[in-house]
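Trainee: The structure's right below; bear with me while I get my questions together.
The values are calculated or read from the model by the stated rules, or taken from the named source; none is laboratory data. These numbers come from a predicted model, not from an experiment. Here the Cβ positions follow ideal geometry from the backbone for every residue, glycine too, while neighbour counts run over all protein chains shown.
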Amino acid sequence: MTRPPTPRGQVSLATIAARMRLMRVASGQVDLTKIMVTTSEVNRPGLQLTGYTQHFNHDRLQIIGWTETAYLSELDPATRAAAVDVG
C-alpha cells in the first residue's frame, strides 16, 4: 500500500480546528496559530491507547473520536493517564 504524497503547503492547527469545528483541542494553553501542520495524514490512535506504539507516526495529527473517548472513559484514572502520556 503506497501513501499519498505529502502536500507542499502547510496550515496552522488553529485553521484546521476552526474548519473542523472541533469541540476541544488537547493542546493545553498552546498557541495553535504557531503550530504548522505539514502532512495531510491523520491517525486515530486506537491501538496506541492500548500500549502498542510500534510504527507510530508522531508527525501526524492525532484524532481522538467517540470510540477512543469511550475506551478511555472506561479506564481507571492512572491507566487513562498512562495511555495518553506523550512523554
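Trainee: Please go through region 32-87 and pick out each residue that is farther than 20 Å from A17 by Cβ and surrounded by fewer than 10 Cβ atoms within 10 Å (Cβ to Cβ).
Mentor: Within region 32-87, G51, Q54, H55, A70, S73, E74, D76, P77, A78, D85, G87 qualify.
Trainee: Would you call Q29 at pLDDT 85 or above, part of a loop (DSSP other than H, G, I, E, B) and farther than 17 Å from A81 by Cα?
Mentor: Details: at pLDDT 85 or above: no; part of a loop (DSSP other than H, G, I, E, B): yes; farther than 17 Å from A81 by Cα: yes.
The answer is no for Q29.
Trainee: In region 32-87, how many residues are hydroxyl-bearing (S, T, Y), outside any helix (DSSP H, G or I) and farther than 19 Å from L13 by Cβ?
Mentor: Going residue by residue through region 32-87, those that are hydroxyl-bearing (S, T, Y) are 33, 38-40, 50, 52-53, 67, 69, 71, 73, 79.
Restricting the remaining residues to those that are outside any helix (DSSP H, G or I) gives 38-40, 50, 52-53.
Pick out the ones that are also farther than 19 Å from L13 by Cβ and you get 50, 52-53.
The number of residues fulfilling the criteria is 3.
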